[in-house]
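The structure appears right after this line, and notes come after that.
The values are calculated or read from the model by the stated rules, or taken from the named source; none is laboratory data. All values reported here derive from a predicted model rather than from experimental measurement. Here the Cβ is made from the backbone with ideal geometry for all residues, glycine too, and neighbour counts use every protein chain on show.
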Amino acid sequence: MILVTGGAGFIGANFVLDWLRHSDEAVLNVDKLTYAGNLHTLASLDADPRHVFVRADICDAQALDALFAAHRPRAVVHFAAESHVDRSIHGPADFVQTNVVGTFVLLEAARRYWSTLDDAARGAFRFLHVSTDEVFGSLAATDPQFSETTPYAPNSPYSATKAGSDHLVRAYHHTYGLPTLTTNCSNNYGPYQFPEKLIPLMIANALAGKPLPVYGDGRNVRDWLYVGDHCSAIREVLARGEPGQTYNVGGWNEKANIEVVETICDLLDDARPKATGSYREQIAFVTDRPGHDRRYAIDARKLERELGWRPAETFETGLAKTVRWYLDNQDWVDEVASGEYRKWVETNYAKRA
Ligand code: NAD
Ligand code: DAU
């Protein structure tokens, strides 16, 4: 069994679904179900005994000790985090608590459990920490991409807390020998992403006839990775990564935000034409995000060289799939937008615990 934290969130849920498509090994899914956790995403696993869901906070050491002791996982894949940069600007406290303190509490629980294992199991154990390219700071247009040796320079409360968690993970390997792996990934997109992030927000607003708010001049650059490709990278790193190492994960898809938004509009114009005009007419330039990093770009050659991983999707194929998914799954979006998914979570999580 593997223990996944944050498996009801966007990437975590995609990972759980992907894992169980590729393996019969069970998943213990530990998630606090914050606003970003949505068990409805995992409804297809309702009757699947390989998926065990437990609502718990990674800051709760007692709960974690009990889970490790009861389920004896051979690995941890740690997604749980506060993940949205804008929220971290308005309220950083939860980010420090979950991303720094929570990762610390989880590392401690993993270390206690790991120390009880026999030599073979200790050697085989893995703690994979899922992190972000934002820890490296902001690039100018002509700078080389981030590599695994780029110095850390986080600029937002979110990225500062992720950087703190990365350092703790590194220290637990260096000091205690815990077999850790860290992945630093670029911007993900795909099915089940909470419509606060750029791509799902733009799709939802476009279809609702609302403005499409583009921060600043729209020329900030992000490096996009389809979530399914992130999942395959994590599977590879977990299976064959070297403990103590970090691996950058990216899609080789640098795009300016305005380009992304215009492409979404064009895809929607084809798939769901408006009575008159184009969705592009809804684009509205708005006040910039404070401290907005200009450019992120990932050099993912280490992962390719050492583990043979390459993304399967281009930005064009991945974005077309994503727009199609949101058009075909309006129920999921409506439940999130209306807050209905919270009621669903409250009434349904107990039966899975
Ligand atoms: P998300 O916000 O969609 O999901 C986070 C999940 O963690 C939710 O299910 C939430 O309920 C859970 N959670 C939050 N606090 C918790 C706590 N204290 N205890 C237990 N569970 C808790 O996030 P995401 O976009 O899926 O990101 C997952 C991970 O990947 C994060 O660590 C994030 O930093 C990292 N990451 C995300 C991206 C991206 O583009 N989304 C890119 C690189 C790295
Ligand atoms: O780089 C990886 C990171 O990508 C992850 O670590 C974070 O968890 C994830 O949230 C994401 O951070 P970003 O800040 O890059 O993602 P977001 O979708 O919030 O914004 C993407 C870009 O679009 C960014 O330059 C800000 C801009 N933007 C965003 C929103 C929500 C807009 O112009 N308008 C918007 O309404």
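Tally up the residues in region 102-147 that are of a type in the set (S, T, N, Q) and closer than 15 Å to Phe79 by Cα, please. Write out each step before concluding.
Our first condition is that a residue be of a type in the set (S, T, N, Q); within region 102-147, this holds for 103, 115-116, 131-132, 138, 142, 145, 147.
Restricting the remaining residues to those that are closer than 15 Å to Phe79 by Cα gives 103, 131-132.
Looking only at that region, the number is 3.
Among the numbered conditions (1) out of contact with any His (no Cβ under 8 Å at 6 or more places or on another chain); (2) not in a helix (DSSP H, G or I), the only one that Ala36 does not meet is (1). Close contacts from region 59-86, counting a first residue that is touching a residue at least 12 places away in the same chain (Cβ under 8 Å) and a second that is in a loop (DSSP other than H, G, I, E, B) and more than 14 Å from ligand 1 (Cβ to nearest atom), with Cβ to Cβ under 8 Å and a gap of 6+ residues or different chains, come to His71/Met1; Arg72/Met1; Pro73/Met1; Arg74/Met1; Arg74/Phe125; Ala75/Phe125; Val85/Arg289; Asp86/Arg289.
Take the residues in region 180-213 that are within 30 Å of Asp166 (Cβ to Cβ) and of a type in the set (A, V, I, L, M, F, W, C), then tell me which one is nearest to ligand 2 (Cβ to nearest atom). Per the criteria, the residue is Leu198. For region 148-179, a residue qualifies if it is within 16 Å of ligand 1 (Cβ to nearest atom), within 20 Å of Ile234 (Cα to Cα) and part of a loop (DSSP other than H, G, I, E, B), and exactly one does: Glu148.
Taking region 257-306 as the range and being β-branched (Val, Ile, Thr), farther than 12 Å from Leu212 by Cβ and within 16 Å of ligand 1 (Cβ to nearest atom) as the test, only Ile298 passes. Total residues in region 8-30 satisfying the condition of being in contact with a helix residue (DSSP H, G or I) (Cβ under 8 Å, 6 or more places away or on another chain) and either assigned to a helix (DSSP H, G or I) or more than 16 Å from ligand 2 (Cβ to nearest atom) (or both): the figure is 16.
For region 275-297, the criterion of being of a type in the set (Asp, Glu), in a helix (DSSP H, G or I) and surrounded by 17 or more Cβ atoms within 10 Å (Cβ to Cβ) is satisfied by no residue at all. Restricting region 289-310 to residues that are of a type in the set (Gly, Ala, Ser) and closer than 19 Å to Ser131 by Cα leaves a set whose member that is nearest to ligand 2 (Cβ to nearest atom) is Ala297.
Condition first: aromatic (Phe, Trp, Tyr) and either in contact with a strand residue (DSSP E or B) (Cβ under 7 Å, 6 or more places away or on another chain) or at pLDDT 85 or above (or both). Now tell me which residues in region 320-353 satisfy that. Let's see the steps before the verdict.
Quick first cut of region 320-353, residues aromatic (Phe, Trp, Tyr) only: 325-326, 332, 341, 344, 349.
Result: Trp325, Tyr326, Trp332, Tyr341, Tyr349.
Residues that are touching a Ser or Thr at 6+ places or on another chain (Cβ under 6 Å) and hydrophobic (A, V, I, L, M, F, W, C) were ranked within region 123-163; the one that is nearest to Glu304 (Cα to Cα) is Val130. Figure legend. Inter-residue proximity from region 37-51: first residues buried (at least 17 other Cβ atoms within 10 Å of the Cβ), second residues charged (D, E, K, R), beta-carbon distance below 6 Å, spacing 6+ or different chains. Indicated pairs: Gly37/Asp31.
Yes/no matrix, rows are residues, columns are (1) touching an Asp or Glu at 6+ places or on another chain (Cβ under 6 Å); (2) more than 30 Å from Glu25 (Cβ to Cβ); (3) within 13 Å of ligand 2 (Cβ to nearest atom); (4) among the hydrophobic types (A, V, I, L, M, F, W, C):
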residue	(1), (2), (3), (4)
His78	no, no, no, no
Arg87	no, yes, yes, no
Ala120	no, no, no, yes
Phe146	yes, yes, yes, yes
Pro151	no, yes, no, no
Pro157	no, yes, yes, no
